[in-house]
1. Being under 19 Å from residue 260 (Cβ atoms) and at pLDDT 90 or above is the requirement here; does residue 303 meet it?
2. Right, residue 66: touching a residue at least 24 places away in the same chain (Cβ under 8 Å), open to solvent by 40 Å² or more (accessible area, probe 1.4 Å) and of a type outside the set (Gly, Ala, Ser) or not?
3. Give all pairs with beta carbons closer than 8 Å in which a residue from region 197-226 that is over 16 Å from residue 174 (Cα atoms) and of a type outside the set (Asp, Glu) meets a residue that is assigned to a helix (DSSP H, G or I) and open to solvent by 70 Å² or more (accessible area, probe 1.4 Å); count only pairs at least 6 apart in sequence or on separate chains.
4. Taking residue 79 as the residue in question, decide whether it is within 21 Å of residue 417 (Cβ to Cβ) and either open to solvent by 10 Å² or more (accessible area, probe 1.4 Å) or among the polar types (S, T, N, Q) (or both).
5. Restricting to region 227-271, name every residue that is β-branched (Val, Ile, Thr) and in a strand (DSSP E or B).
6. Given the conditions (1) open to solvent by 20 Å² or more (accessible area, probe 1.4 Å); (2) over 30 Å from residue 89 (Cβ atoms); (3) more than 24 Å from the chain's Cα centre (by Cα), which single one is not true for residue 312?
7. Being at pLDDT below 95, open to solvent by 50 Å² or more (accessible area, probe 1.4 Å) and at negative phi narrows it down to one of 284, 270, 278, 295, so name that one.
8. Tell me, which strands (runs of 3 or more DSSP E) lie completely within region 432-481 with 2 or more residues that are of a type outside the set (Asp, Glu) and within 23 Å of residue 79 (Cβ to Cβ)?
Amino acid sequence: MRGAPTILHLDMDAFYASAEQAAKPSLRGKPVIVGGLGPRGVVATASYEARVFGVHSAMAMAQARRLCPNAAFLTPRFTLYRQVSDAVMALLHTLSPLVEPLSLDEAFVDLEAGGTEPTAEAARAVGERLRNDIRAVTGLTGSVGLAGSKMLAKIASEQAKPDGLVLIEPGTERDLLGPMPVRTLPGVGPATAEALRRAGIHTVAETREAGEAELVRLLGRAHGASLFLMANGRDERPVVAERDAKSISVEDTFDVDLTDRTRVQLEIARLADRCVRRLREAGRSGRTVVIKVRRYDFSTLTRSETLRGPTDDPGVVREAAARLIEGVDTTAGVRLLGVGVSGLADYTQEDLFAQAARAAQAAEAAQAARGAQAAQGARAAHEALEGGRRTPGPATPEHVAAGAGEASEGAGKPRRWLPGSDVRHAEYGAGWVQGSGVGRVTVRFEEPWSEPGRVRTFAVDDPALEPAEPLPLLRPEETAGRGGGGGPARVGGPGEAVGREGTVDLERGVGPEEVAGPERVGDPEGAVGREGSVDLDRIGGPEEAVGRGVGSERAVGPGEVAGRERVGGPEGAVGREGSVDLDRVGGPGEAVGRGGGAGPERGGGPQEAVGRGGAAGAGPADAGPAAPAAGTSQPGREQGRDRGQPVTSSP
């Protein structure tokens, strides 16, 4: 505990939603919800406009749609978020060498280690300068807390939200903490809070008054003693720049419970391979393999097996995970599977049996290859002898024809466009996907520094439309030389590809080199969901597919009406309750959703509701290729509630 408020805690305000609003002028000032859009998706971040309706992080996306149906529901773009995070962290490192990142948008800083004078005035000046630099470099806002300990600095930043600074003077800790709920203290989760509630302890002051002995009796020696110190405002934890990872894991949540045993085994093998990839990227090995299984009724169990030595061999981890899943009954249905490796080391002790097996497999493969070459030589000799009897004509090798057929088949599949993703059109330039369905995709063409742009609709396989990389949040010329502390002059540049498979932790983003255990939140390669869902406990990281099941695989034809139990179009459901407009399905230039076509007869201002679950956006023109001139009001709306992607057009 320090006598000066020289520990700083920075927390960016509604980070992912704020970044989306900064990148999309038409969404500024409107509710924005970022997360998984599948049936089991959860909210990663909600803008402050959406929080007014009761939406918050870790809420089921279905409930968020009910509470705020007119919000813009977007999939995460973690490439952009990481670029902004790198710029912010660079600014923090100009203040002190001791920076402890907690997530993409949150970190502790030891100002005293950076030479800041240990006074309240000097710390406040540094905090205000940091907030100004973050706004100049990224265009976003962050809240700053200053105190003599990490616990109090984090509490101060929570009180400062949004876009503020709170400094807790030394000596005022007990009075500040007293009326707060006991869940405010670090380490007090639902189970601990329930144990304290049964003992009549609800606030920090009551926790302090209970005394150390009573807390030890209720919670155990280690937990009870530390909780008593924190209730008195004492937190001796230092700011640590580097934290050693204890485990690496990945996990997926599935839209539909898995009951097929073969499918479960295949998913476990796939997760084991992903886990080993992350293990190798971190330059680590591990000796304990862990699987995690969450059943249909949310009961969760783990099984582990410790190897004879650390390994990063995918075959070894895959076999161990397969043995572990064999002992788990999955016939009733599985909603989540995970594979992790703990007991990490910086070296690998190869499994001798695995080495022998690989050597035998390599020998068999070499022998088979030699046999194939001999057979091919014999066929060639035979063909040479028979060549004179062949009828002359164009010769196309059989393998070439097969490859051409596969390419043609892949080219015929429609592309999927996820709401919020970046695109570029050959004629109209940069934009982002508002939604898609029934073979069409709606795009709003605008840039972060432009006015709200026009909305146009294209066929999902339009060759002029292609995925793009994120644009910087500020013009490069505007950010050059700014930042005050030597921070990066540019964020969100187009030099990096959009992470098509990424999500992030609900409470904390996980950096590319950080790892998480099977029970921890925050898997950088975790699932937004294989089937378009997000894990209810956590949203994972950038290496997992956003999912194949955001939209149905079934297409609804132009003259077909989909009922409540049916979702339309390869790109997701369109219309309220998953149905297409009962009156008509419009042409490529018309809005489809309930509310009719976009005609000049209909009124409606920029704030008109777009539809249940729709993306609220105001643009100067209506959807469709035949958009009228600017200033003509033609509102329309097209939206899918449950599985569909929001397709909206507004003035």
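1. no
2. Details: touching a residue at least 24 places away in the same chain (Cβ under 8 Å): no; open to solvent by 40 Å² or more (accessible area, probe 1.4 Å): yes; of a type outside the set (Gly, Ala, Ser): yes.
When the stated conditions are applied, residue 66 does not pass them.
3. Partner pairs satisfying both residue conditions: 224/212; 224/217; 225/212.
4. Values: within 21 Å of residue 417 (Cβ to Cβ): yes; either open to solvent by 10 Å² or more (accessible area, probe 1.4 Å) or among the polar types (S, T, N, Q) (or both): yes.
The answer is yes for residue 79.
5. 248, 250, 253, 256
6. The number of the failed condition is (2).
7. Numbers: 284 fails: open to solvent by 50 Å² or more (accessible area, probe 1.4 Å); 270 fails: at pLDDT below 95; 278 fails: open to solvent by 50 Å² or more (accessible area, probe 1.4 Å).
That would be 295, the only listed residue that is at pLDDT below 95, open to solvent by 50 Å² or more (accessible area, probe 1.4 Å) and at negative phi.
8. Details: elements: 440-445, 454-459, 465-467.
Those strands (runs of 3 or more DSSP E) span 440-445, 465-467.
The values are calculated or read from the model by the stated rules, or taken from the named source; none is laboratory data. Fair warning: this is a prediction, and the values are worked out from it, not measured in the lab. Please note: Cβ atoms are built from the backbone with ideal geometry, for glycine as well, and neighbour counts cover all protein chains shown. What goes into the accessible areas is simple: the full protein's heavy atoms, side chains included, and nothing from ligands, DNA or RNA. Shrake-Rupley method; radii C 1.70, N 1.55, O 1.52, S 1.80 Å.
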